[in-house]
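Encoded as structure tokens, the structure appears first; notes follow it.
All of the numbers you see were taken from the coordinates with simple rules; none came from a lab. On a predicted model such as this, the values are computed, not experimentally measured, just so you know. Don't worry about glycine lacking a Cβ; one is built from the backbone with ideal geometry, like all the others, and counts go over all protein chains shown.
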Amino acid sequence: MEPIIHIENISKKFGALEALHNVSLDVQKGEVVMIIGPSGSGKSTLLRCINRLEKYDEGLIIVDGIPLNTAENINAVRTEVGMVFQQFNLFPHLSVIDNIVLAQRVVRKRNRAEAEKVAIDLLEKVGIPDKAHARPGQLSGGQQQRVAIARALAMNPKIMLFDEPTSALDPEMIQEVLDVMLNLAKEGMTMVVVSHEMGFARAAAHRAILMDGGQIIEEAPPEILFTNPKEERTRLFLSKVL
Amino acid sequence: MEIQTDGAVSITPIPSPKNGDEKRRFDKWWLLLLFVVFLIAYLSITKSDPYWRIILFVRDGIWVSLSTTVISFLLVLVVGLLVGLGRLSKSKVINGISTVYVEVIRGIPLLVQLLFWYFAFPSVVQAIGNSLNIEALKNYLANPVGMAILGLTFCYAAYMAEIYRAGIQSIPKGQMEAARSLGMSHFESMRYVILPQAVRIILPPVGNEFISLLKDSSLVSVVAVADITRRGREFMAANFIPLETWTMVALLYLTMTLFSARIVTFIEHKTRLER
Ligand SMILES: Nc1ncnc2c1ncn2[C@@H]1O[C@H](COP(=O)(O)OP(=O)(O)O)[C@@H](O)[C@H]1O
Ligand SMILES: [Mg+2]
């Protein structure tokens, strides 16, 4: 089957620093892929290349059959790919519901009633329907991240990218966000998740990938990668985080 | 559930927490303004000659000063935004042009710029008219108010551009990335996400620019615009009572600037943003 994300030999430099070196990765439709690895290993950069927040220098990425090379293609891909950030990045000047409504109106050209219906349904889905008219600043971190997920889902993406979605959260709020992600995975969403939440990986991920020094070191089903890795570097990394 | 009926992109002001400190300061400055207005009224009534006569004489100048300032300021807001965005542009040409504009304008005194537009610019137009043999341009004469507004706008837009630029740059990068990742174009992200936030941040310096512009508008009196200052000079020439004339002119400016400052503070409080 044609992979929904096809990454072929991409490289990316920041000045002299090679953040990605010859990375290749295929993700199938409905697959949940976890990416782990030490800080600075290029995980965010790889994720950001998939929706072209970062330009890669060499190689090729095809998302849902669309090669990421021209400006029109990039906007087309971005509407198919949702992204959730470590710092939530909600729009602080808009209410929760308007955060979810804005891009639906501007990009998807939905009318307000339609967009609000979508927003309210999604807020129910992530468990905070009563916060629709609050400001992002009035919500807890966990609630903000759930709004951010709802905001991305409102665009009906085919793929969701998560860049350390629980790293900025207080421990007691991590589970509420992971639960939303678990539900998404169950519904068959294609997901690429950068996270060190091993519980989530075991419960939902089909594949786990270890990155180090801008390269993919090892990939395997999570239970194998976590318990019986082949590579020394994987073992070393796991011994530090587990 | 209550459904909002306003546009998706409208900015709903957030009620700001009214703590006692802010309220007291608010009142104090209104009191100063009231005092100045009262002083003007008191002088006009108790010593109506010369004070009330001065006010009657410079009255049309007040209107000229205010309208010149307001029109220039509205233009400055627009031109400043364009130049500010130019300063942030990745295009080398656009970036270069806006940078040179800002640096050149900021290096020349406003008074000299106003003198240039009024006295020198028309001869440039006439020279072009002569060389191209266009009758309308040959006989071009500067309109004082028009040239004054042009000069003020050109100058202040350069400063305003830097304010816009700093405001936009102060918005965390993640905001643009979140907007772009939702499929919005660069322009749409600016329009709906970045600028509404930047505007709130730059409101205090923009307000200060308005007040500076109001004061600097007195410079247009040297290029044949009959503003408050020029009318004051005319009154002086006819009556020769400098102390009373310039006191009253100063009080009139002070009333306008204090009032503007109150309005700016008021808007600031109305639009304060919780992060
Ligand atoms: N915009 C940038 N400019 C310069 N260097 C960057 C930039 N973004 C990332 N890097 C560098 O690239 C490397 C990989 O970064 P990143 O992908 O963020 O790693 P990770 O997400 O795995 O922690 C790091 O060394 C980081 O410092
Ligand atoms: Mg990262």
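Figures for the structure shown
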item	result
Simple label model, 7 Å out from Cα along Cβ direction - A:Glu2 to B:Thr46, nm	8.9
Among B:Val112, B:Val102, B:Thr68 - extreme Cα towards positive end, dipole of chain B, charges at beta-carbon	B:Val102
Amide proton proximity set for A:Leu25, modelled H, under 5 Å, gap of 5+	A:Ile7, A:Glu8, A:Asn9
For a label point 7 Å along the Cα-to-beta-carbon line of A:Ser39, residues of region A:162-204 with backbone N under 18 Å	A:163-171, A:194-197
For B:182-193, mean number of other protein chain Cβ atoms within 10 Å	6
Karplus-derived 3J(HN,Hα), 6.51/-1.76/1.60, for each residue of region B:156-162, Hz, glycine and proline x	5, 4, 5, 5, 4, 4, 5
Whole-number percent relative contact order across chain B, with pairs defined as alpha carbons under 8 Å at least 6 apart	32
Cα-centre dipole for region A:78-217 with unit charges at Cβ (Lys and Arg positive, Asp and Glu negative), debye to 20	640
Mean projected area in nm² (Cα convex hull; one quarter of hull surface) for region B:222-264	3.5
Of B:Pro204, B:Val249, B:Gly183, farthest towards positive along the dipole that unit charges on Lys, Arg, Asp, Glu beta carbons give region B:59-270	B:Gly183
Ranking of A:Lys125, A:Lys12, A:Lys117 by count of other Cβ atoms within 10 Å, fewest first	A:Lys117, A:Lys125, A:Lys12
Hull shadow area, averaged, the protein assembly as shown [alpha-carbon convex hull, nm²]	33.0
Cα-centre dipole for the protein assembly as shown with unit charges at Cβ (Lys and Arg positive, Asp and Glu negative), debye to 20	1440
Residue-by-residue Karplus 3J(HN,Hα) for region B:249-254, coefficients 6.51, -1.76, 1.60, Hz, glycine and proline x	4, 4, 5, 5, 4, 4
Calculated SAXS-style log₁₀ I(q)/I(0) at q = 0.09, 0.16 Å⁻¹ - chain A, Debye, Cα scatterers	-0.38, -1.19
Highest-MSF residue in chain B out of B:Met160, B:Met176, B:Met248 [GNM, Cα springs under 10 Å]	B:Met176
Sorted by Cβ density within 10 Å, fewest first, the residues A:Ile209, A:Ile174	A:Ile174, A:Ile209
Order of B:Ser65, B:Ser221 - criterion: other Cβ atoms within 10 Å of each residue's Cβ, fewest first	B:Ser221, B:Ser65
Helical contribution to [θ] at 222 nm, DSSP H n ≥ 4, -39,500 (n - 2.57), averaged over chain B, rounded to 500	-25500 deg cm²/dmol
Chain A: relative contact order in percent, alpha carbon pairs under 8 Å with at least 6 residues between	26
Cut-off under 5 Å, modelled amide H: who pairs with A:Ala19 long-range	A:Lys12, A:Lys13, A:Phe14
When each of A:Lys109/A:Lys186; B:Lys47/B:Lys215; A:Lys29/A:Lys186; A:Lys12/A:Lys43; A:Lys125/A:Lys186; A:Lys43/A:Lys186 is checked by Cα-Cα distance, pairs over 20 Å	A:Lys109/A:Lys186; B:Lys47/B:Lys215; A:Lys43/A:Lys186
Mean-position separation - Cα centroids, region B:219-271 and region A:52-128, in angstrom	52
Between region B:62-84 and region B:119-192, the alpha-carbon center distance in angstrom	11
